[in-house]
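Everything on this sheet refers to the single structure shown next.
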Amino acid sequence: MARGWESKSIEQQQDEARSSKEPKRRLSPAQRAAESRKEGLRLSRNRILQQLQSAVNANYRKTLEQSLAAIEEEINRFG
């Protein structure tokens, strides 16, 4: 009997957790692609910033800085 009551309590908690979350907005395929692209750009930007911190070769730093500028420009286009 205690086990049945406990499982109902857990089920009730799970239902409450599901209902308290904000409903996810529905995105069109184009919007999903844009969101995915923005996230990819943010990840690339972070990776380049990490590489810049440890880069010692001047030519490599220059290449990374150019890549970073291009990525930031594209991120700004998305808004």
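Things worth noting here:
- The length gained on full extension between Q50 and F78, counted as 0.36 nm times the residue separation minus their Cα-Cα distance, comes to 7.8 nm.
- In this rough spin-label picture, where each label sits 7 Å from Cα along the Cβ direction, the A70-E11 distance is 5.7 nm.
- Evaluated at q = 0.21 Å⁻¹: base-10 log I(q)/I(0), Debye formula over Cα of region 30-79: -0.71
- Residue-by-residue Karplus 3J(HN,Hα) for region 50-58, coefficients 6.51, -1.76, 1.60, Hz, glycine and proline x: 5, 5, 5, 5, 10, 6, 10, 6, 4
Since every read-out is calculated from the coordinates, none of them should be taken as a lab result. Remember, it's a predicted structure, so these values are computed and weren't measured experimentally. Counting neighbours? That spans all protein chains shown, and the Cβs are built from the backbone with ideal geometry, glycine included.
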